[in-house]
Amino acid sequence: MESDKLYCCNCTAEGFSNVFEIRKHYRNFHKGFDEKCKICSNQFRRTDDLKAHEEDEHGKKTEIVKMFCIHCKKGF
């Protein structure tokens with residue numbers, strides 16, 4: 001039902017039932033490309049899309065290193 005659409009996009013006039021959905025719409029359709037692949041220069045709106053691209057296209061796994069050994073400098 002359209003009457004439960006409390007949030008409306010100013011650009012597309014599309015209605016959304018909650019603030020999370022309109023934020024997602026804005027991020028996916030109106031936000032610029034903030035993420036750029038360092039290998040091929042493709043651009044992405046979201047960090048997780050860039051990471052998926054790097055893994056799929058370039059075989060690059062993104063690792064998060066939280067600790068380093070003070071003796072050998074190896075990351076864990």
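Determine whether D49 is loosely packed, with under 11 Cβ neighbours inside 10 Å, at pLDDT 85 or above and assigned to a helix (DSSP H, G or I).
The answer is no for D49.
Might you let me know whether region 6-17 holds any residue that is touching a Ser or Thr at 6+ places or on another chain (Cβ under 9 Å) and in a helix (DSSP H, G or I)?
No - not one qualifying residue is present in region 6-17.
Can you find, within region 28-46, the residue that is surrounded by the most Cβ atoms within 10 Å (Cβ to Cβ) among those that are in contact with an Asp or Glu (Cβ under 8 Å, 6 or more places away or on another chain) and not in a loop (DSSP other than H, G, I, E, B)?
F44
Among the residues of region 1-49, which ones are of a type in the set (S, T, Y) and touching a Gly at 6+ places or on another chain (Cβ under 9 Å)?
Scanning region 1-49 gives a single hit, Y7.
Within region 52-76, track down each residue that is surrounded by 10 or more Cβ atoms within 10 Å (Cβ to Cβ) and modelled with pLDDT of 80 or more.
Correct list: A52, H53, E54, E55, E57, H58.
What number of residues within region 2-27 are exposed (fewer than 11 other Cβ atoms within 10 Å of the Cβ) and either under 21 Å from the mean Cα position of the chain (by Cα) or on the phi > 0 side of the Ramachandran plot (or both)?
So the answer is 3.
The values are calculated or read from the model by the stated rules, or taken from the named source; none is laboratory data. All of these numbers come straight from a predicted model, not from anything done at the bench. Here the Cβ is made from the backbone with ideal geometry for all residues, glycine too, and neighbour counts use every protein chain on show.
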